1. Which condition does ARG27 not pass, out of (1) basic (Lys, Arg); (2) modelled with pLDDT of 75 or more; (3) assigned to a loop (DSSP other than H, G, I, E, B), if it passes all the others?
2. Could you say whether any residue in the range 208-217 is more than 26 Å from GLY54 (Cα to Cα), part of a loop (DSSP other than H, G, I, E, B), in contact (Cβ under 8 Å) with a residue 60 or more places away in the chain and within 23 Å of the chain's Cα centre (by Cα)?
3. Taking the condition among the small types (Gly, Ala, Ser) and more than 32 Å from the chain's Cα centre (by Cα), does ALA448 pass?
4. Could you list, ordered by first residue, the pairs with Cβ atoms under 8 Å in which the first is in the range 84-100 and at positive phi and the second is of a type outside the set (S, T, N, Q) and surrounded by fewer than 18 Cβ atoms within 10 Å (Cβ to Cβ), at least 6 apart or interchain?
5. Check off (1) in a loop (DSSP other than H, G, I, E, B); (2) in contact with a strand residue (DSSP E or B) (Cβ under 6 Å, 6 or more places away or on another chain) for ALA264 and give me the number that stays unchecked.
6. If a residue has to be hydroxyl-bearing (Ser, Thr, Tyr) and in contact (Cβ under 8 Å) with a residue 40 or more places away in the chain to count, how many in the range 316-370 make the cut?
Amino acid sequence: MIVGTAGHIDHGKTALVKALTGVDADRLKEEKARGITIDLGYAYSDLGDGRQLGFVDVPGHERFVHNMLAGVTGIDAALLVVSAAEGIKPQTVEHLQIVDLLGLDRGIVALTKSDLATEDQILERMAEIETLISTTSLKGAEIIPVSALTGQGVDELKAKLLALGESRRGITGFARLAVDRCFVLPGAGVVVTGTVHAGEIKVDDHVLLTPSGLEARVRSLHAQNREATVGRAGERCALNLSGPRLSKDSVRRGDWVVAADLHAPTDRIDVRLKVLASEDQPLKHWSPAHVHLGAAHVMGRIALLEGDKLAPGAEGLGQLVLEEKVGALAGDRIVLRDPSATRTIAGASVIDPFGPPRNRRTPRRLAEVAALAAGDAEAMANLLRLDTGFVEMARFGLARNLRSAEVDRLLAEASGVKLAGFGLLADTLTEARADLVGTLKTFHETQADAPGLQPERLRVAMKKRWPSDVFRALLDLEVQAKTIVVDGPVMRLPGHLLKLGARDEELWKKIAAVLERDRFKPPRVRDFADEYHVPEADVRRLMRRLAKLGRVIEVAPDQFFLRPVVAEMIGIAHAFGRDFTAADFRDKLDNGRKVAILILEFFDRNGMTIRRGDFRRTVPAKLGQFGPAIAR
């Protein structure tokens, strides 16, 4: 277990930790000189039976609350320290507020310097403390009079701390350590320290630093101040890291050491907010604040999602819009301080670490946030029953540090089925498939002379408008089941065939032969009309009907190319492997400058090439827009 101290300056936190562990947690020269704790200190108590207590000693001065917050978010239990000589002071209250906002419900109150107080004074202090903690997460915590000087109550306090139990942090998820210190050790290199919040970190593991994305390997590690091969959730660890771009200056307090699966820095976090009752003004929408998450400290804005004000003592939904990206996961606790960093104003628990930049106040989004606010199993079930109708499995698992097998199990328990990377209720999937096929059937019935619908037009024509990636998964399912047929650029039902009449079929055979023969410089519509003594309007109507069938592409007005030829030409352009000119392209096709430019302008319009002055280059992502080229 990791125990964190809390309390006012000079109330004996560091002295008490030394009495419990034998270790002076003040490590800085300035701390020794001034006699106060400025930064985080660490100490360990080895009980000799395999059990061990780790302590994070935090500063009590109001100027160093930001340092206190960097350490307290990684602890399992709080040791609230109050001087029997002085009683409750301002930082006693603020530190307790922070403990409460972090949801720490395990802790003990140490009434220090008890040798300087009478029995009546001690009883009076204990009564004051009971009243103070009665409305917080430490309600009912034991209060133990101690003296670091005489040793009074120290053994009892240690026994009570052990009785609180071990860390509750789970080791089933991916590894995640909050960095609160980084230094260089001669002969070893970069060392980071922090608390493992989830999973396990092993020697030789390859990890990432979040948010920077720097790669590193764990060369060696210490867990709870002992050399080890693995560090587990709930333990304080020191990791000796190596990496090609890693240095002391590239790692900072607030970074996370994570498994690659968890690297997803974010700057928009949907949360449940709780404003301190001690505030004398409501929290306003878009208020600036200091945001403390894990060991990170960044500036941000508080966007309220359910109104423009949140009263003191009230709770509500909000989104934190940060100036810098951080690592965050669902369930993380956040402390918010005012813009001048003089007082704590609110706390928050993360609901969705990947909040949307737009439409965050819409009823649909608020319903999603409310659904996500529950535990893993309930959140899965809630999401499946929303109007949105699906769960993005990878995103759900990432936000909650769940492995894919665990997400699959939650889906099955919620009576859901998996479609590609999405989870849906079985009934929802059945309805969606029927809607998809039914929409196409209705289109065929109302427009019998049309070959079918392009995918995007089919998506928006459905009764329920699915996001593009979900629709694509639904469409692929129907294509695999052969209930829908891909016919060139359109989708159609298997029984729907659009055939040309006998005269049109005969004319098309003649035109197709010419388009194949002169594939890079085909005749225009009027040329075919003159050649075969057919009205120009009839040839144009036929060619545009064939374009709907996906057999030809109208590259320029009244100039059609066979679809595979268009794919072949973009392949030729890409084969240059460099920026090229219209003259380069013309020479490859040997079709004349005018036609070559018409083709390139068509490529430009469709995003297959990008033009800069006299040069063009192809866009690899667009190469397959008209299908694969036919090898010749």
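1. Answer for ARG27: the failing condition is (2).
2. yes
3. yes
4. So the pair list comes out as GLY87/GLU128.
5. (2)
6. Selection size over the range 316-370: 3.
One line per residue, one yes/no per condition, for (1) buried (at least 20 other Cβ atoms within 10 Å of the Cβ); (2) acidic (Asp, Glu); (3) in a helix (DSSP H, G or I); (4) in the same structural domain as ALA461 (by TED's automatic domain parsing):
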| position | (1), (2), (3), (4) |
| --- | --- |
| ALA379 | yes, no, yes, yes |
| ASP387 | no, yes, no, yes |
| LEU410 | yes, no, yes, yes |
| LYS418 | no, no, no, yes |
| VAL437 | no, no, yes, yes |
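Conditions (1) in contact with a helix residue (DSSP H, G or I) (Cβ under 8 Å, 6 or more places away or on another chain); (2) under 22 Å from GLY613 (Cα atoms); (3) assigned to a helix (DSSP H, G or I), marked per residue:
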{"position": "PHE561", "(1), (2), (3)": "yes, no, no"}
{"position": "MET569", "(1), (2), (3)": "yes, yes, yes"}
{"position": "PHE576", "(1), (2), (3)": "yes, yes, no"}
{"position": "ALA596", "(1), (2), (3)": "yes, yes, yes"}
{"position": "ILE599", "(1), (2), (3)": "yes, yes, yes"}
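The values are calculated or read from the model by the stated rules, or taken from the named source; none is laboratory data. Being a predicted model, the structure only gives us computed values, none of them experimental. As a convention, Cβ positions derive from the backbone with ideal geometry for all residues, glycine included, and neighbour counts pool all protein chains shown.
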